[in-house]
1. Can you find a residue that is farther than 24 Å from D67 by Cβ and of a type in the set (G, A, S) anywhere in region 179-191?
2. Taking region 59-74 only, how many residues are open to solvent by 10 Å² or more (accessible area, probe 1.4 Å) and within 10 Å of the ligand (Cβ to nearest atom)?
3. Taking the residues in region 170-183 that are among the aliphatic types (A, V, I, L, M) and under 15 Å from the mean Cα position of the chain (by Cα) as candidates, determine which candidate is surrounded by the fewest Cβ atoms within 10 Å (Cβ to Cβ).
4. Do we have any residue at all in region 144-160 that's assigned to a helix (DSSP H, G or I), at pLDDT 95 or above and open to solvent by less than 20 Å² (accessible area, probe 1.4 Å)?
5. Please give the number of the condition I85 fails out of (1) among the hydrophobic types (A, V, I, L, M, F, W, C); (2) surrounded by fewer than 24 Cβ atoms within 10 Å (Cβ to Cβ); (3) within 16 Å of the ligand (Cβ to nearest atom).
6. I'd like to verify a number: residues in region 209-248 that are open to solvent by 60 Å² or more (accessible area, probe 1.4 Å), over 29 Å from V98 (Cα atoms) and part of a helix (DSSP H, G or I), how many?
7. Regarding region 254-263, can at least one residue be identified that is in contact (Cβ under 8 Å) with a residue 24 or more places away in the chain, open to solvent by 50 Å² or more (accessible area, probe 1.4 Å) and within 16 Å of the ligand (Cβ to nearest atom)?
8. Can you tell me which residue among R47, R103 is modelled with pLDDT of 95 or more and either near the ligand (Cβ under 8 Å from one of its atoms) or closer than 20 Å to R134 by Cβ (or both)?
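The values are calculated or read from the model by the stated rules, or taken from the named source; none is laboratory data. These figures come from a predicted structure and were not determined experimentally. As a convention, Cβ positions derive from the backbone with ideal geometry for all residues, glycine included, and neighbour counts pool all protein chains shown. For accessibility, only protein heavy atoms count, side chains too; no ligands or nucleic acids. Shrake-Rupley method; radii C 1.70, N 1.55, O 1.52, S 1.80 Å.
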Amino acid sequence: MTQIYNRVALIGLGLIASSMCHAMRRAGLAGEIVGYARSAETRAIAREINLCDAIYDTAAEAVKDADLVVLCVPVGAMGAVAAEIGPSLKQGATVSDVGSVKRTVIDAVAPHIPDGVHFIPAHPLAGTEHSGPRSGFAELFDNRFCIIVPVEGADRAAVDRVSDLWRGMGSNVDEMDPDHHDLVLAVTSHTPHLIAYTMVGVADDLSRVTDSEVIKYSAAGFRDFTRIAASDPTMWRDVFLNNKDATLEILGRFTEELFALQRAIRQGDGDHLFDYFTHTRAIRRSIVEAGQDTDAPDFGRSQIKSE
Ligand code: NAP
């Protein structure tokens, strides 16, 4: 693989940034990778594990002379970080991000991007429930999609270059409009996370009654929920606050379906339940056939989880 950017600056050094570091190094996509995180503790860990070629104490220093700057902080922090780095960006540079929500991030970041700097938002659909600079690994993005969400009037060459970087890190690349992205992700990621959080909360209430039997006898379905519900609280708080409309829309539909299943159980309507579960099983099969999950008997628990 050939080098795509001379100098890449990663702002925020958690799971996604550290995985990008490893994936870019694996393929030799960047001449130099530099980084910044807000806490001295995270910067110290990043230095200790040699995550980047250089770690700076301020975001402004880190982005100076960078050809690509990637914002890898929680969605709710993107605007403030963009304001901080705006004046230090190099002419001709590209700013991108990895936020799980796109419309509010674009609205928060775009006003701080100076003329002569490209802004190309992106979202890799890959993650785990772990956080921080030690949690990253080079294979995280392999065969996962990265959605590029070009803003109106975006420079085609700059879009293609960011796309090439993600392909070089192992991803398949698609482009989407921001509102469509937020609706699709509300269905495939955001609402399922909320349901997992709720189910684990319900089980926790119940475990007080049943003396922790919920934990002791936890079955596969519940264990999968607990893994998802262990995801970073800051990240997920920001996702719901920033993808409010689409998540509420999908939750409304979810509640209607749930009521229909509840009625079928109450009325003993086995045909309804059987048909519904047959349909959902086919959806699962198509995800496996598309190579986006494994049909291993452990339900892929030992594998990488897509966000
Ligand atoms: P992470 O491991 O928790 O790391 C977050 C980083 O952001 C840390 O370096 C943290 O700094 C910094 N940070 C947190 N709050 C901040 C603030 N208010 N101002 C400045 N910096 C702040 O998170 P991650 O999983 O890499 O997620 C980063 C981004 O990727 C998020 O926008 C998320 O939506 C998106 N994303 C996540 C996943 C996933 O599954 N995890 C998948 C795709 C996209 P300190 O360490 O110094 O506190």
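1. Here is the first cut: in region 179-191, the residues farther than 24 Å from D67 by Cβ are 179-191.
With the extra rule that they be of a type in the set (G, A, S), the set shrinks to 186, 189.
Yes, region 179-191 contains a residue that is farther than 24 Å from D67 by Cβ and of a type in the set (G, A, S).
2. 3
3. Ranking the qualifying residues of region 170-183, first place goes to V173.
4. yes
5. (2)
6. Qualifying residue count for the region: 4.
7. Our first condition is that a residue be in contact (Cβ under 8 Å) with a residue 24 or more places away in the chain; within region 254-263, this holds for 254.
Right, trim to open to solvent by 50 Å² or more (accessible area, probe 1.4 Å) and you get 254.
From what's left, within 16 Å of the ligand (Cβ to nearest atom): none.
Within region 254-263, none of the residues are in contact (Cβ under 8 Å) with a residue 24 or more places away in the chain, open to solvent by 50 Å² or more (accessible area, probe 1.4 Å) and within 16 Å of the ligand (Cβ to nearest atom).
8. R47
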